[in-house]
1. Relative contact order, percent, of the chain when contacts are C-alpha pairs under 8 Å separated by at least 6 residues?
2. Kindly report, to the nearest 10 Å², the accessible surface of residue 91 as traced by a 1.4 Å probe over protein heavy atoms only.
3. For residue 43, give me every one of the aspartates and glutamates with a C-alpha distance below 20 angstrom, ignoring sequence neighbours fewer than eight places off in its own chain.
4. Which of the listed residues, 25, 42, 122, is farthest toward the dipole's positive end in the chain, when Lys, Arg count +1 and Asp, Glu count -1 at the beta-carbon?
5. Could you give the size of the charge dipole of the chain about its Cα centre, using +1 on the Cβ of each K and R and -1 on the Cβ of each D and E, expressed in debye and rounded to the nearest 20?
6. According to a simple spin-label model (label point 7 Å from Cα along Cα-to-Cβ), what is the distance in nm between residue 105 and residue 17?
7. Could you list which residues have their amide H under 5 Å from that of residue 87, counting only those 5 or more apart in sequence or on another chain, with H placed in the peptide plane?
8. Kindly state, to the nearest 0.05, the FRET efficiency for residue 120 paired with residue 76, given R0 = 35 Å and r defined as their beta-carbon distance.
Amino acid sequence: QVQLVESGGGSVQAGGSLRVSCAASGRTFRNYAMGWFRQAPGKEREFIAGITWSAGSTSYADSVKGRFTISIDNAKNTVYLQMNSLKPEDTAVYSCALRPGGVLSSRYAYSVWGQGAQVTVSS
């Protein structure tokens with residue numbers, strides 16, 4: 001059974017940095033992609049970054065491009081989201097999700113989800 005376990009997140013002041021991690025287990029992920037999504041209160045869940053497991057190809061939403069970096073540690077089966085220059089509008093629950101194939105921005109394309117990690121940015 002495939003499982004995604006998130007860690008990290010927390011609270012930080014605007015301009016600060018946080019990192020969230022997503023550890024995957026249950027199979028090999030050679031032909032899979034991992035996406036990071038976030039959902040703020042009262043808003044739709046939105047795609048923010050994705051990476052292909054084997055090639056490491058990345059994709060970012062315009063709202064986080066240049067501030068967030070997604071990376072992968074194949075030896076640990078873990079995907080990281082490094083978040084720099086955080087803004088209050090980045091406050092949300094951040095979730096990782098897995099799908100076979102390449103990165104897509106639609107949340108409906110992902111079948112396995114982590115439990116979510118709260119990120120709170122104060123002004």
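1. This gives 36 percent for the chain.
2. Per-residue accessible area (residue 91): approximately 40 Å².
3. Within the straight-line limit of under 20 Å, residue 43 reaches these aspartates and glutamates: 62, 89, 90.
4. Ranked along the dipole, the leading option is 25.
5. My answer is approximately 200 debye.
6. Those two pseudo-labels are separated by 2.7 nm.
7. For residue 87, whose amide H was placed from the backbone, the distant partners under 5 Å are 15.
8. Working from the Cβ atoms, E equals 0.85.
The values are calculated or read from the model by the stated rules, or taken from the named source; none is laboratory data. Computed from a predicted structure; not experimentally measured. Cβ atoms come from the backbone with ideal geometry, glycine included; neighbour counts cover every protein chain shown. In case anyone asks, the SASA skips ligands and DNA or RNA and just uses the protein heavy atoms, side chains included. Shrake-Rupley method; radii C 1.70, N 1.55, O 1.52, S 1.80 Å.
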